[in-house]
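Contents: one structure, followed by commentary.
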Amino acid sequence: MQPFLRSIVEHIHQKYKDKVDSLCIVLPSKRGAIFLKDHFKEVFNATIWLPSIQSAEEFIESLSGLKQADEIDLLAHLYESYLHCMTTEPEPFDKFSKWGHLMIQDFNEIDRYLINSEQIYQNLRDIKEIENWSLGENELTITQQNYLAFMASIGNIYKHFNERLMSLGIGYQGLIYRQASEKFRGSESVMAYEKILFCGFNALNAAETKIYKWLLEAGKAEMIWDIDNYYLKDQNQEAGLFLRRNLETFPQKEPKFIADHFKEGKSIEITAVAGQLGQAQLVHDTLQHLLQQDVPMSKVAVVLANEKLLWPVLKALPQHIEHVNITMEYPIRYTQAYSFID
C-alpha cells in the first residue's frame, strides 16, 4: 500500500506544484512532519521551498496569541487562584497537587468543546447542594460544608485562573483552543498562506470543527482524510464513527484518498514468549533478521503493550541501530532515580 503521507505530497505536486511555499500543512501530531519531508524530497526530486508543516496544536496556538505553559507552572497558578477564591480553609499545596491536575483536565475539556463554563458550574453547584440536602433533619458536617463551599467556588476558580493565565500570555491546551476559536478570523497566521491543508484528522473537538469549517467555507482550506471503506461504509464499525460525521460536517464533492487497504492480504506471525525479558530478546532477534534483509529501520515500528519493557528493549537493540524515535511516556516511578530516592 502507498503511505498516506506520500499520497498527500503527490496531491500537492499535482495541484499546487508552482506554489508549494505558500501552503500550510497541518497534521494531527509533530511526528508525521519528519516522514512528510522525506516524501517531498522523493516526489519533487528538485530544490524547492517546503511548505509550512505544523501540528494541530502548533497551528491552534499560533491563532490564539497564547503560549502553552507546562503542567507544573499551570498547577502553581491554579493553586494561587484556588487560594484567592476559597471561602473556607484551603488545603496545603502538597494535598492540592494530588487532585489539582484533574481540575486542569476538566477545564481542558470544557474549553476544547466550547462549553458554557458559567452554566455548567452553576448546574454542578446546584446538583451538589441537592445531593447534600436533608430537609434540615441533620446538620451538615464540617467536611460536607467544606465540600459544598469548594463546589460553589469552582466557577470562580476557573474564571480567576483563566484571567490570570491570559494576563501572562500563557494557557493550558483548552484555553488556547477556546481563544483560537474566537480570534482566528483575519489572523496573520491564516492570511499568510494561500491554502491550508488539514490532513489525516479523525475525532475533532468543537473548537477545531468551528475553525476548520469556517476556513473550508471561506475557500482558505482543504480537508484531506485518511479513510478506508472497510470501516467507513459499515455503520457498525466504530472506527468510522467520527469520519462519517466529518464527511457530513465538511462536505466535499469527491473525498480523496478513500482506500481499501484493510481488505488486502497481510502477514501476521504470533510467537509465544515466556517472561518479559524474553520479549525484549525476541525484539532483538526480529530486528536483527530485518537488518540482514536490508529492511530500512524507518519502516519498522515496535509497539509495546507494557511500558516497563521500554528499557529492556532499548538495551537489547542491535548495535547497528543508532537512532530511535520514542513516542511513549515512561513513568518516573519505574526509573532508577526513583528507586534510589525511595
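What to note about this one:
- Test: residue in region 321-337 that is at pLDDT 90 or above, of a type in the set (A, V, I, L, M, F, W, C) and open to solvent by 100 Å² or more (accessible area, probe 1.4 Å): no
- Those residues of region 63-78 which are surrounded by 15 or more Cβ atoms within 10 Å (Cβ to Cβ) and more than 16 Å from the chain's Cα centre (by Cα), in sequence order: LEU63, SER64, GLY65, LEU66, LEU74, LEU75, HIS77, LEU78
- Residue within region 165-172 that is within 17 Å of the chain's Cα centre (by Cα), farther than 24 Å from THR88 by Cβ and not aliphatic (A, V, I, L, M) present: yes
- Members of region 171-213 that are among the basic types (Lys, Arg), at pLDDT below 95 and open to solvent by less than 60 Å² (accessible area, probe 1.4 Å): none
- In region 52-62, the residues that are of a type outside the set (Phe, Trp, Tyr) and open to solvent by less than 70 Å² (accessible area, probe 1.4 Å): SER52, ILE53, GLN54, SER55, ALA56, ILE60, GLU61, SER62
- Which listed residue, of TRP99, TRP49, is open to solvent by 30 Å² or more (accessible area, probe 1.4 Å), outside any helix (DSSP H, G or I) and either over 30 Å from PHE184 (Cα atoms) or of a type in the set (Phe, Trp, Tyr) (or both): TRP49
- Complete set of residues in region 38-69 that are of a type in the set (D, E, K, R) and closer than 30 Å to ALA152 by Cβ: none
- When each of LEU216, LEU168 is tested for being open to solvent by 10 Å² or more (accessible area, probe 1.4 Å), of a type in the set (A, V, I, L, M, F, W, C) and modelled with pLDDT of 95 or more, the lone residue that passes is LEU168.
- Top-ranked residue in region 232-246 [being crowded, with 17+ Cβ neighbours inside 10 Å and not small (Gly, Ala, Ser); ranked as nearest to ILE110 (Cα to Cα)]: ASN246
- Residue within region 104-125 that is open to solvent by 70 Å² or more (accessible area, probe 1.4 Å), aliphatic (A, V, I, L, M), within 30 Å of PHE161 (Cβ to Cβ) and at pLDDT below 95 present: no
- Residue count for region 256-278 satisfying the condition of being more than 30 Å from HIS11 (Cβ to Cβ), touching a helix residue (DSSP H, G or I) at 6+ places or on another chain (Cβ under 9 Å) and open to solvent by less than 80 Å² (accessible area, probe 1.4 Å): 1.
- PHE44 being out of contact with any strand residue (DSSP E or B) (no Cβ under 7 Å at 6 or more places or on another chain) and under 20 Å from LYS195 (Cα atoms): yes
- Scanning region 292-312 for residues that are surrounded by fewer than 15 Cβ atoms within 10 Å (Cβ to Cβ), within 29 Å of the chain's Cα centre (by Cα) and part of a helix (DSSP H, G or I) gives SER298, LYS299, GLU307, LYS308, TRP311.
- Some residue of region 13-24 being surrounded by 15 or more Cβ atoms within 10 Å (Cβ to Cβ), outside any helix (DSSP H, G or I) and in contact with a Pro (Cβ under 8 Å, 6 or more places away or on another chain): yes
Okay, residues lined up against (1) touching a strand residue (DSSP E or B) at 6+ places or on another chain (Cβ under 6 Å); (2) part of a helix (DSSP H, G or I):
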residue: LEU243; (1), (2): yes, yes
residue: GLN252; (1), (2): no, no
residue: LYS266; (1), (2): no, no
residue: THR271; (1), (2): no, no
residue: GLN279; (1), (2): no, yes
residue: LEU290; (1), (2): no, yes
residue: LEU314; (1), (2): no, yes
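The values are calculated or read from the model by the stated rules, or taken from the named source; none is laboratory data. Please read these numbers as outputs of a predicted model, since none were measured by experiment. Using ideal geometry, Cβ is built from the backbone for each residue, glycine included, and neighbour counts are taken over all protein chains shown. Surface accessibility is based on the protein's heavy atoms, side chains included, excluding ligands, DNA and RNA. Shrake-Rupley method; radii C 1.70, N 1.55, O 1.52, S 1.80 Å.
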